[in-house]
4 protein chains.
Amino acid sequence: MPDLASLTADLRAFAAARGWQRYHRPKNLAMALAGEAGELAAEFQWLTPEEAEALTPEKRELVAGEMADVLHYLARLADVLDIDLIDAARKKMARNAERFPIRESGVTSTDPVT
Amino acid sequence: MPDLASLTADLRAFAAARGWQRYHRPKNLAMALAGEAGELAAEFQWLTPEEAEALTPEKRELVAGEMADVLHYLARLADVLDIDLIDAARKKMARNAERFPIRESGVTSTDPVT
Amino acid sequence: MPDLASLTADLRAFAAARGWQRYHRPKNLAMALAGEAGELAAEFQWLTPEEAEALTPEKRELVAGEMADVLHYLARLADVLDIDLIDAARKKMARNAERFPIRESGVTSTDPVT
Amino acid sequence: MPDLASLTADLRAFAAARGWQRYHRPKNLAMALAGEAGELAAEFQWLTPEEAEALTPEKRELVAGEMADVLHYLARLADVLDIDLIDAARKKMARNAERFPIRESGVTSTDPVT
């Protein structure tokens, strides 16, 4: 079973065992995801670009924990909305490939998602 | 190959082919992820809880696209930091299981990540 | 002296007295603001719309504290970028008035900033 | 009349004239604020720290517009919750002054809100 689908199934069971389905509604989960993304950003806010590339082990652990929280809510939201995350990500990548074709030089000058 | 790892590898190649590695630094990616999480939240902001549970097909497509953007940056950030997302999510789930044990009634009253 | 300008001046002195100017750079402050906005959202994430309209005194205090944090970083960012926040807000309101004219019925059907 | 209070009153009238009070509920406004904070962060995401300190006039205009949106929703949220933003910001500054006393050297080493 694919790893993300397996995680999603386990997160669903985790929530169900605790009676959290009544909280895990789409609007709430989208809001929780924004909150976790904010906490993840906060881990980097005072770091220089160089410090952010060479995290201390403690900081790296905190960052990984916040990324896990983001993935939890993203997977839960996908689950309650019945959206296939990997499929959505693949389709978006295909659209981005059209928007940002590789130039002969092999380099484009701007970034896709702004 | 696991689906998330495969997506991550393809996103890396996508960025490399366009010379985006210089933008895809940890601090920048964490910021971009917060931006996309904000856009995802914005899709839900004026909806009632009921409307958010019964999205129109057009809205659902927009939501899936924003979720894809969140996953793109989350996977890119994990890649440049060499963090195993699924592993981090599994470890966080294990910690949450300790913090929020299932009560005899099978229901706990609060949610983990607040 | 206008209240927001006075607060901004005091926040500048507060940061300077602690040697924080080296952290309070535009990119960092924009990131910190996103983090605080995420924390504010998190206060509301599991509440029903009705609960969010009738906050307990404790919750209301937490919400006011998070809103204060958002305002702190917004004022600091405006200060380091030399942007007049009230002026910017007035200009945006004028643009929104054009985008969303009041209909004869006195009601429009959509919201400006989505 | 203080500038922020005046802006708040005008934003209330603006919303009322367009029948938006039904959308401008606390939970929705907190979510909208997170969305705008995300858009503001997105303006800075690919900039180096140096570029973020020397914005082009066009970029500066975009940033000011996003900051205006954040202030709009912050002021609207304060209004519907009947929270005095300046008062909350002053109280938070007083608490931060206790948490982060100025050392003899006049410099502390960490930042308050992390």
Meets criteria (within 14 Å of chain B (Cβ to nearest Cβ) and on the phi < 0 side of the Ramachandran plot) for D:Arg25: yes
Could you identify the single residue in D:Glu39, D:Glu51, D:Glu98 that is surrounded by fewer than 19 Cβ atoms within 10 Å (Cβ to Cβ) and in contact with a helix residue (DSSP H, G or I) (Cβ under 9 Å, 6 or more places away or on another chain)? D:Glu51
Log entry, pairs with first residue in the stretch A:27-55 being β-branched (Val, Ile, Thr), second being buried (at least 24 other Cβ atoms within 10 Å of the Cβ), beta carbons closer than 9 Å, six or more apart or on different chains, reads A:Thr48/B:Lys27
Could you run through the stretch B:12-22 and say how many residues are at the interface with chain A (Cβ under 7 Å from one of its Cβ atoms) and in a helix (DSSP H, G or I)? 3
So is B:Glu58 part of a helix (DSSP H, G or I), out of contact with any Cys (no Cβ under 7 Å at 6 or more places or on another chain) and surrounded by fewer than 13 Cβ atoms within 10 Å (Cβ to Cβ) or not? yes
Does the stretch B:63-70 contain at least one residue that is acidic (Asp, Glu), more than 7 Å from every other protein chain (Cβ to nearest Cβ), closer than 24 Å to D:Leu40 by Cα and assigned to a helix (DSSP H, G or I)? yes
Residues satisfying the stated conditions in the stretch C:34-55, i.e. outside any helix (DSSP H, G or I) and facing chain A (nearest Cβ under 10 Å): C:Gln45, C:Trp46, C:Leu47, C:Thr48
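Values in this text are rule-based calculations from the coordinates and carry no lab data. Bear in mind that the values here come from a model prediction, so they are computed numbers and not experimental data. Ideal geometry is used to build each Cβ from the backbone, glycine not excepted, and the neighbour counts take in all protein chains shown.
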